[in-house]
1. Would you mind computing, in nm to one decimal, how far apart the modelled labels at residue 61 and residue 17 are, each placed 7 Å from Cα along Cα→Cβ?
2. Once you place label points 7 Å from the Cα toward the Cβ at residue 24 and residue 149, how far apart are they in nm?
3. Could you give the nm distance between label points at residue 34 and residue 72, where each point is 7 Å from its Cα heading toward the beta carbon?
4. Could you compute the FRET efficiency for residue 51 and residue 139, with r as their C-beta to C-beta distance and R0 at 25 Å, rounded to 0.05?
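Just so it is clear, none of the values below were taken in a lab; they were calculated from the coordinates. Predicted, not measured: the structure shown is a model, and the values here were computed from it. Quick reminder, even Gly has a Cβ in these numbers, built from the backbone with ideal geometry, and neighbours come from all protein chains shown.
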């Protein structure tokens, strides 16, 4: 470690590559989802969570926590999705305070339509033609970054 506040040339190059990848990746994913199914990335994120949830439903507060979204953002997203028939909201009969987001038949069909192209894109961008040892190293780096970011957010 150096005391300099600046990045050295190698670090600067890596950091800029990281910024480039993380800024361009959402566009590539969004274009694929829109072309294959007319879904946005936000639609897809919600539908994935609901499709994997027991009974294809989730408490809205838990869904916001899982997605790491503000509740107001999720509320607006669910309203848009509900208008398009992708999800429906149901009151929680047990306590009356919470509500559920529930995957509809149309929502299930749309995620099934989007998923194969999404998986092909992810495989093509992240896994094809990258040696297993590089993937293992990348996974370790991502694990360390995740831990550091979580630690920074909790302090």
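1. 4.4
2. 1.9
3. 2.6
4. 0.50
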